[in-house]
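Trainee: Pasting a structure here, questions to come.
The values are calculated or read from the model by the stated rules, or taken from the named source; none is laboratory data. A quick note: this is a predicted structure, and the numbers were derived from the prediction, not measured. Cβ sites come from the backbone with ideal geometry, for glycine too, and all protein chains shown count toward neighbours. Only protein heavy atoms, including side chains, enter the accessible area calculation; ligands, DNA and RNA are left aside. Shrake-Rupley method; radii C 1.70, N 1.55, O 1.52, S 1.80 Å.
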Amino acid sequence: MGQNIIVNKEQMTFTLNTNNSSYQMKVDKYKRLLHTWYGGKISGADYSYLIEVLGRGFSGNPGDVSKEGDRDYTLDLLPQEFPQHGTGDYRINALDLVWENGARGTDFVYKDHKIIGGQPELQGLPHFWTSADNKEAVETLVVVLEDLYSDLELELYYSIFPEYDLIVRSSKITNLGNEEVVLKNIASGALDFINKDFELINFPGRHLKERNASKVELGENIFQIRSTRGTSSHQQNPSLFLQEQGACEDKGEVYGLSLVYSGGFNISCEKDQLGQIRVVAGLDDSNFSWILKNGESFQTPELAMCYSPEGRGELSRNLHRAVNNNLIRSSWSDKRRPVLINNWEATYFDFDKDKIIEIANKAKELNFDLLVLDDGWFGKRDLDISGLGDWIPNETKIGGTLEDLIKDVNELGLDFGIWMEPEMVNEDSDLYRAHPDWALAIPGREPNRSRVQLVLDFSRKDVQDFAISAIDNVLQTGNITYLKWDMNRSLFDLYSHSLPAEKQGELSHRYVLGVYRVLQHLLDNYPDLLIEGCSGGGGRFDLGMLYYTPQIWTSDNTDALDRTRIQHGTSFVYPLSSISAHVSAVPNHQNHRVTPISTRAFTALQGAFGYEMDLSTLSESEQEFTKKFIDFYNKHWETVQKGDYYRLVDPYENTYVTAWENVATDKAEAILTVVYKDLAAAGLAECIKWKGLCKDSDYKLTLYKGSEEFDCGVYSGLDLMVAGILVERGRQNYDSVCYIAEKV
Ligand code: GLA
């Protein structure tokens with residue numbers, strides 16, 4: 001140990017090193033923990049020399065400091081590791097709490113530190129982890145702070161994953177005193193940059209249009225992304241990239257932040273009066289308060305921080321590796337995902353056993369692996385207005401038992417998967433009639449309804465236990481190998497019938513902890529179950545969910561062209577293995593666009609691949625194509641799921657095409673896909689440069705166009721990367737071409 005965490009007791013600095021980055025904090029003469037560096041790898045000197053300590057009007061001095069007569073030292077301007085309300089720092093802060101007398105504020109100073117091997121478990125919360133074999137490579141620094149005026153203790157955790165240039169942080173506050181305090185806000189982490197100017201990239205969206213990578217210039221103000229919806233949301237994603245001006249996919253310093261949390265969140269970024277930049281990230285404080293009594297602690301969710309000196313692409317690839325290898329807990333993280341057929345867009349609620357078997361028959365003929373029975377198989381559920389909560393198969397509708405249906409599908413040679421929405425209830429359900437107090441609702445007020453449903457109060461243990469037994473019962477009906485866990489509305493009416501008035505502010509976070517408890521039960525008891533997360537598509541696509549569910553339904557929008565944009569934005573943080581993507585019918589059900597089947601397939605290949613349509617509506621040639629394409633997937637899935645991903649042409653910036661590339665980890669093969677968004681009459685053919693190949697090797701190029709295949713000769717890796725290739729022209733709107741380069 002001791003390789004990546006360097007404690008210099010003379011300087012009182014803690015320097016954390018990854019392969020390409022360093023992070024430093026320092027205990028100063030007043031015992032405050034200053035933040036002195038985060039960026040490129042440095043030698044480990046004391047970087048506080050970069051900080052100017054200069055008194056300025058209206059920036060005050062902490063009580064103990066001013067008593068010494070020091071009028072220059074002000075926490076209003078100094079870069080700090082964990083800025084708090086109450087220290088004379090008027091910028092956004094990472095900690096705010098209220099004392100029994102109504103006063104607010106803390107002033108934490110250094111007390112102690114320790115270094116531990118590996119990454120500690122975070123009870124009840126998802127977190128990055130280390131296996132027993134790489135415990136040596138990962139170390140955790142815990143810096144312990146104490147409040148100058150009370151018995152509160154604050155621990156700051158930093159786990160270092162050197163090979164991914166990743167530092168994972170969290171904070172934990174413990175009340176060692178007798179006075180009760182109410183936490184109003186506690187962030188997972190804060191970052192102060194004194195000499196940087198950044199462009200910010202965030203990922204706004206909406207239902208059917210999630211995670212659009214969007215660049216923002218930071219003015220002298222506060223830029224905030226947040227979700228108050230109780231989930232990470234379609235509208236924002238708990239992730240933010242900060243890049244030096246002009247940085248791009250391959251050049252420039254980039255920092256990537258992402259919370260390992262699935263509830264509401266807040267990531268704020270402030271440029272202060274000197275142009276210094278502070279970022280604070282953590283759970284949503286607008287719906288939050290938490291009582292801490294003597295001996296009680298509060299542990300925040302984790303914040304992942306990644307750094308790349310060479311552009312966004314490398315940062316994303318590092319995050320992908322880290323998530324695949326050290327975040328996803330499921331045994332599926334590195335396995336080939338089954339090619340699935342989902343019946344949702346094929347039938348919606350209108351199906352019976354015969355229809356499902358008809359789809360299954362066709363799926364088997366075309367070499368699919370798994371059939372997923374989506375919404376509508378349980379309770380009174382012929383429309384989306386009733387039945388949620390009653391997880392009993394509707395045998396009248398199915399035309400037999402669920403058990404028999406599963407057996408029949410299995411006998412055809414397909415695995416069986418099923419849809420559930422465990423967090424929800426319809427008022428028209430036996431569950432609601434028996435337990436109306438299990439739904440979130442404010443007494444005496446009509447509840448807000450969304451999709452005609454209410455949210456079950458997952459902060460309650462009895463509700464969690466009900467969900468566990470309902471899911472257990474379903475999973476034990478037969479050989480079910482896949483579960484789609486859906487969640488189709490945002491939280492509102494934040495009132496729990498089981499919490500006292502003063503604890504209602506704990507509800508949103510307790511809700512998330514409840515969801516995690518049920519998901520943990522599934523991980524523990526069904527180690528081979530493949531769980532797909534979903535929230536009306538990608539309304540809860542975050543690192544917290546990925547800990548439990550190795551893949552997430554990316555969007556309810558299945559249009560191939562829209563998906564190129566959604567998947568592009570999603571890929572900034574999340575690995576392709578987690579991005580569920582399906583081929584669906586044309587005209588597309590969301591935007592009515594007609595795209596060729598090859599474009600739908602090549603786009604869906606960039607994720608956990610499947611189909612979601614009535615396969616019997618495919619023409620003969622589309623069926624032929626599908627069969628061939630599943631072979632193609634079976635041959636190349638590893639390059640996509642585990643390989644390196646390169647965003648080649650930004651779908652927002654280029655009007656005509658978008659392109660991406662997957663490179664196998666050993667660089668033996670690469671897949672380059674180009675989608676024509678628009679056809680340019682008489683324009684130049686697109687010239688695209690490959691990335692990530694072995695420059696000293698030769699590659700044989702094969703072009704795939706529709707279901708045809710063409711040999712394009714042999715090129716050197718160097719030429720493909722430096723000179724590029726002229727891409728085969730698209731012949732119709734939304735056409736696509738795909739090249740495979742294989743080392744010879
Ligand atoms: C959500 C999901 C869809 C489908 C429906 C079923 O919208 O995102 O994929 O499962 O629910 O009601």
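Trainee: Which pairs turn up if I take residues in the stretch 93-104 that are within 11 Å of V280 (Cβ to Cβ) and look for partners that are among the hydroxyl-bearing types (S, T, Y) and open to solvent by less than 50 Å² (accessible area, probe 1.4 Å) with beta carbon separation below 7 Å, at least 6 apart in sequence or on another chain?
Mentor: Sorted first by the residue in the stretch 93-104, then by its partner, the pairs are L95/T106.
Trainee: Could you check, for the stretch 535-552, whether at least one of its residues is out of contact with any Leu (no Cβ under 8 Å at 6 or more places or on another chain), aromatic (F, W, Y), at pLDDT 95 or above and farther than 26 Å from L405 by Cβ?
Mentor: Yes, some residue in the stretch 535-552 is out of contact with any Leu (no Cβ under 8 Å at 6 or more places or on another chain), aromatic (F, W, Y), at pLDDT 95 or above and farther than 26 Å from L405 by Cβ.
Trainee: Being under 26 Å from S286 (Cα atoms) and without any contact (Cβ under 8 Å) to a residue 40 or more places away in the chain: is that true of N175 here? Write out each step before concluding.
Mentor: On the way: under 26 Å from S286 (Cα atoms): yes; without any contact (Cβ under 8 Å) to a residue 40 or more places away in the chain: no.
Here the answer is no, as N175 does not meet what is asked.
Trainee: Confirm whether G102 is assigned to a loop (DSSP other than H, G, I, E, B) and within 22 Å of N266 (Cα to Cα). Lay out the reasoning, then the answer.
Mentor: On the way: assigned to a loop (DSSP other than H, G, I, E, B): yes; within 22 Å of N266 (Cα to Cα): no.
In short, no.
Trainee: With the condition being within 21 Å of V279 (Cα to Cα) and polar (S, T, N, Q), I'd like the strands (runs of 3 or more DSSP E) fully within the stretch 1-46 carrying at least 1 qualifying residues. Spell out the reasoning first.
Mentor: On the way: elements: 5-8, 13-17, 21-27, 33-40.
Passing ranges, in order: 13-17, 21-27, 33-40.
To keep it simple, each residue is scored yes or no on (1) free of Cβ contacts under 8 Å to residues at least 40 places away in the same chain; (2) over 30 Å from C248 (Cα atoms); (3) within 16 Å of the ligand (Cβ to nearest atom).
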site: L315; (1), (2), (3): no, no, no
site: A322; (1), (2), (3): no, no, no
site: R329; (1), (2), (3): no, yes, no
site: L340; (1), (2), (3): no, yes, yes
site: D352; (1), (2), (3): no, yes, no
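Trainee: Given S459, S496, S490, which one is modelled with pLDDT of 95 or more, hydroxyl-bearing (S, T, Y) and out of contact with any Phe, Trp or Tyr (no Cβ under 9 Å at 6 or more places or on another chain)? Reasoning before the result, please.
Mentor: Values: S459 fails: out of contact with any Phe, Trp or Tyr (no Cβ under 9 Å at 6 or more places or on another chain); S496 fails: out of contact with any Phe, Trp or Tyr (no Cβ under 9 Å at 6 or more places or on another chain).
The unique qualifying residue is S490.
Trainee: Sticking with this structure for a sec: Does at least one position in the stretch 396-407 carry a residue that is under 30 Å from V640 (Cβ atoms) and either of a type in the set (D, E) or away from the ligand (no atom under 16 Å from the Cβ) (or both)? Step through it out loud before you land on a result.
Mentor: First, the residues of the stretch 396-407 that are under 30 Å from V640 (Cβ atoms): 406.
Going one step further and asking which of them are either of a type in the set (D, E) or away from the ligand (no atom under 16 Å from the Cβ) (or both), we end up with 406.
Yes.
Trainee: Here's another thing I want to ask about it. Which residue is nearest to R278 (Cα to Cα), if the candidates are limited to the stretch 188-218 and must be basic (K, R) and either part of a strand (DSSP E or B) or within 20 Å of the chain's Cα centre (by Cα) (or both)?
Mentor: From the stretch 188-218, those basic (K, R) are 196, 206, 209, 211, 215; that's our starting set.
Restricting the remaining residues to those that are either part of a strand (DSSP E or B) or within 20 Å of the chain's Cα centre (by Cα) (or both) gives 206, 209, 211, 215.
Details: R206: 27, K209: 29, R211: 23, K215: 18 Å.
Looking at the filtered set, the residue picked out is K215.
Trainee: Moving on. Tell me, which residue of the stretch 481-524 that is open to solvent by 30 Å² or more (accessible area, probe 1.4 Å) and either among the aromatic types (F, W, Y) or not assigned by the TED database to the domain that holds S555 (or both) is nearest to the ligand (Cβ to nearest atom)?
Mentor: Checked the stretch 481-524; the qualifying residue nearest to the ligand (Cβ to nearest atom) is F492.
Trainee: Still on this structure, I have one more. Any chance you could count how many residues in the stretch 476-524 are part of a strand (DSSP E or B) and over 15 Å from E423 (Cα atoms)? Spell out the reasoning first.
Mentor: Initial filter on the stretch 476-524 (part of a strand (DSSP E or B)): 480-485.
Imposing the further condition that a residue be over 15 Å from E423 (Cα atoms) reduces the set to 480-482.
The number of residues fulfilling the criteria is 3.
Trainee: State whether the residues of the stretch 367-375 include one that is within 16 Å of the ligand (Cβ to nearest atom), farther than 18 Å from W553 by Cα and open to solvent by 20 Å² or more (accessible area, probe 1.4 Å). First the steps, then the outcome.
Mentor: Taking the stretch 367-375 as the starting set, the residues that turn out to be within 16 Å of the ligand (Cβ to nearest atom) are 370-375.
With farther than 18 Å from W553 by Cα added as a condition, the list becomes none.
Looking for residues that are within 16 Å of the ligand (Cβ to nearest atom), farther than 18 Å from W553 by Cα and open to solvent by 20 Å² or more (accessible area, probe 1.4 Å), one finds none in the stretch 367-375, hence no.
Trainee: Ok, one more. Among I385, I418, which is the only one that is open to solvent by less than 10 Å² (accessible area, probe 1.4 Å), within 13 Å of the ligand (Cβ to nearest atom), closer than 30 Å to G230 by Cα and among the β-branched types (V, I, T)? Don't jump to the end; show me each part of the working.
Mentor: Working: I385 fails: open to solvent by less than 10 Å² (accessible area, probe 1.4 Å).
After applying the criteria, what remains is I418.
Trainee: If you check D465 against the conditions, is it over 14 Å from D390 (Cα atoms) and within 28 Å of the chain's Cα centre (by Cα)?
Mentor: Values: over 14 Å from D390 (Cα atoms): yes; within 28 Å of the chain's Cα centre (by Cα): yes.
Here the answer is yes, as D465 does meet what is asked.
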